[in-house]
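Heads up, the thing below is written out as structure tokens.
The values are calculated or read from the model by the stated rules, or taken from the named source; none is laboratory data. In this text, all values refer to a predicted model and were calculated from it rather than measured experimentally. Note that each Cβ is placed from the backbone with ideal geometry, even for glycine, and that neighbours are counted across all protein chains shown.
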Amino acid sequence: MKNEAEERVAKFYSEKGWEVVDGLTKDAILYEDFRENAIDYVIKCRKRVQNYIPESGGENILDVGSGAVQFQEYQDYSKDFKKRWCNDLSQKGLDEAEKRIGDHGVFLHGSFFDLNLEPDFFDCAISLHCIYHMDKDKQEEAVRKMIRVTKPGHRVIIVYANPRTLIFYFKVPFKILKKVIGLFRKNKPREEVDLYYYVHPVGWWKRFKDVADVKLVPWRSFRSDDQKKIIPNSEFGKKIFETLYQWEDRFPGFFVRFFEYPMIILTKK
């Protein structure tokens, strides 16, 4: 049975999120940066997940909130596994995923909380940009279930977000100013996306140390909308992305603490 958070997510992705326009999903159009200067950086960030997926592969990999598995890098996560178990609230997303991975996939429609999965079954589990769309009081339950169904010594890999980044504090006065200006000026309405979203602080992940070794590394530094505003679409912008990627790898603790998207690697005890 879906709760309010799941109802909102299911509605968006069933009606709009996985609609394909000119080869791109609505989700990608809203949340990704396809500019020429950014694409190499974006692809390399997606490939970071692969660094923690077992090179030897295995029988089964679980993908919670798989959606359409829309990018080639996402598809590659399961290339060394016999089966990729895709779970999503949107049947449309799973239909798109099936077009991409075909018989390689097992497609499970519905709430992750309702799935009857065998403990210690999966050789790896992943979840990208999904957990923070779950009810804040059920996110821990979801993560613990992912750990429970993964084999001991194997990894659960989650791309999450950080609620208190440096750019968050930088943007606060501008948001206040924008609201004040909006009181006196009629602005063009923006498209509203009714997605539930709640992010726990970085330190929240320590609670899983009782069942897993916990490691946090950078996945990417900025939300796409901020990235587009801050870094120009030019050769200079491309150099910035190259340097940013190097710094993320060199100073992982700093970027996990102060920037947008950490990747959490939970190795089951």
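A few comments on the model shown:
- The residues of region 86-99 that are without any contact (Cβ under 8 Å) to a residue 40 or more places away in the chain, crowded, with 16+ Cβ neighbours inside 10 Å and over 17 Å from the mean Cα position of the chain (by Cα) amount to a single one, Glu98.
- Filter result for the condition that a residue is in contact with a Ser or Thr (Cβ under 7 Å, 6 or more places away or on another chain) and closer than 21 Å to Pro163 by Cβ, over Phe251, Phe222, Phe258: Phe258
- Test: residue in region 42-61 that is buried (at least 20 other Cβ atoms within 10 Å of the Cβ), over 28 Å from Trp247 (Cα atoms) and among the hydrophobic types (A, V, I, L, M, F, W, C): yes
- Of the helices (runs of 4 or more DSSP H) entirely within region 1-102, those holding at least 2 residues that are in contact with a helix residue (DSSP H, G or I) (Cβ under 6 Å, 6 or more places away or on another chain) and either modelled with pLDDT under 95 or aromatic (Phe, Trp, Tyr) (or both) occupy 26-31.
- Residue match in region 237-255 (condition: crowded, with 21+ Cβ neighbours inside 10 Å and farther than 13 Å from Tyr41 by Cα): yes
- Pairs with Cβ under 7 Å, 6+ apart, first in region 113-137 and in contact (Cβ under 8 Å) with a residue 24 or more places away in the chain and closer than 22 Å to Gln75 by Cβ, second among the acidic types (Asp, Glu) and surrounded by 15 or more Cβ atoms within 10 Å (Cβ to Cβ): Ile126/Asp63
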